[in-house]
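Working notes, beginning with the structure itself.
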Amino acid sequence: MGSNSCLNFAITHHCVYLSPSFSPKSKLHNPNPNHNQFLLSRSSFIPIATSSFALHSNHTLSHPRSKKLPLRNAPNFYVAASAKAEPLKVMISGAPASGKGTQCELITQKYGLVHIAAGDLLRVEVAAASENGKRAKEYMEKGELVPDEIVVMMVKERLLQPDSQEKGWLLDGYPRSSSQAAALEDFGIHPDIFILLEVPEDNLVERVVGRRLDPLTGKIYHLKYSPPESEEIASRLTQRFDDTEERVKLRLHTHHQNVEAVLSTYKDITVKV
Ligand code: ADP
């Protein structure tokens, strides 16, 4: 992503105003600290748009539904937008083995986001044999959702850590129920986009049953579709304890039961792939 497209993004997500009387020395006033929009003096600014503008290097603004707007009186006209865009917040949801892991890697690399996976946070607790981990394991073994009192605070705390706040986040596998979505909304945590990956069920079962992890490199293989490169790697591959046919069917059932409830919270910002 070049610097131009970053700028696009900043402006796309924030109000843009033009003012004939604004000079770089004008004091910027942010009327709503939750939104990075800056008003000049109320009498002197002309709001020209609230979304989807692109700023071009030749001092023109464009909007997908309008012609380019030349800034004819430049340099007397200035674009006042947020100095720093709010970091991107993305949620991704999909059935087990729908490709979330792969997409998460691509998205976090491209946008520099912190990847937060509810399942990974839980597995850390399970591995540490903490109280929460022991309780969580009982549910994870059955392919059921771990109770909210364990998951909600765990995810919230991770989202509020400085790296997530500064870089933005990609939240994977959370929320999985309407109560989890409601808890985030109550904390004032709302994503910019909710991505839902949809894959036919037969493909999912086959992918899960053949899935293996290299504990040394963290790389995921599939015995048929993405086999290990050498005998040495093959010999150390492990399988997640819940990646069996019986358990994945339970997990798929749970996923389908919950996804509709979650979608209703984010329907305006959902993209199905
Ligand atoms: P999958 O996407 O294959 O279900 P995950 O690693 O995301 O794998 O989750 C593994 C298990 O962790 C789930 O089956 C569930 O028991 C638990 N889990 C993960 N995310 C949540 C969540 N948001 N709420 C409750 N339980 C969760």
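Just so you know, all these numbers are worked out from the coordinates, no wet-lab data involved. If you're wondering where the values come from, they're calculated on a predicted model, not measured in any experiment. All Cβ positions, glycine included, derive from the backbone under ideal geometry; neighbour counts span all protein chains shown.
How compact is the range 167-273 by the rule of thumb for globular proteins, expressed as Cα Rg over 2.2 N^0.38 Å?
Values: Rg = 16.9 Å, N = 107, 2.2 N^0.38 = 13.0 Å.
So the range 167-273 has a normalised radius of gyration of 1.30.
Take every pair of alpha-carbon atoms less than 8 Å apart whose residues are at least six positions apart; their mean separation over the length of the range 89-272 yields a relative contact order of 32 percent. Distance between the modelled labels on Glu185 and Glu138, one decimal in nanometres: 3.1 nm (7 Å Cα→Cβ projection).
To the nearest 0.05, how large is the calculated FRET efficiency for Asp148 and Glu229 if R₀ is 35 Å and r is the Cβ-Cβ distance? Show your work: numbers first, answer last.
Working: r = 41 Å, r/R0 = 1.18.
Given R0 = 35 Å and the Cβ-Cβ separation, E is 0.25.
Of the cross-linked pairs Lys100/Lys272; Lys167/Lys219; Lys142/Lys249, which ones have a Cα-Cα span greater than 22 Å in the structure shown? Over 22 Å apart, Cα to Cα: Lys167/Lys219. The range 89-272 gives an Rg/Rh value of 0.95, both radii derived from C-alpha positions and Rh following Kirkwood. Within the straight-line cut-off of under 20 Å between alpha carbons, the aspartates and glutamates reachable from Lys224 are Glu201, Asp202, Glu206, Asp214, Glu232, Asp242, Asp243, Glu245, Glu246, sequence neighbours fewer than 8 places apart in one chain being disregarded. Across all directions, the shadow cast by the convex hull of the range 140-211 built on its C-alpha atoms averages 6.4 square nanometres.
Can you tally the net charge around Gly143? Count Lys and Arg as +1, Asp and Glu as -1, for every other residue whose Cβ sits under 13 Å from the Cβ of Gly143. Mind dumping the intermediate values first?
On the way: positive: Lys137, Lys142, Arg176, Arg240, Arg247, Lys249, Arg251; negative: Glu138, Glu141, Glu144, Asp242, Asp243, Glu245, Glu246.
Spelling it out: positives minus negatives among the neighbours equals 0.
What is the spin-label model distance, in nm, from Gln239 to Thr217 if the labels are put 7 Å beyond Cα along the C-beta direction? Spacing of the two 7 Å Cα→Cβ label points: 2.2 nm.
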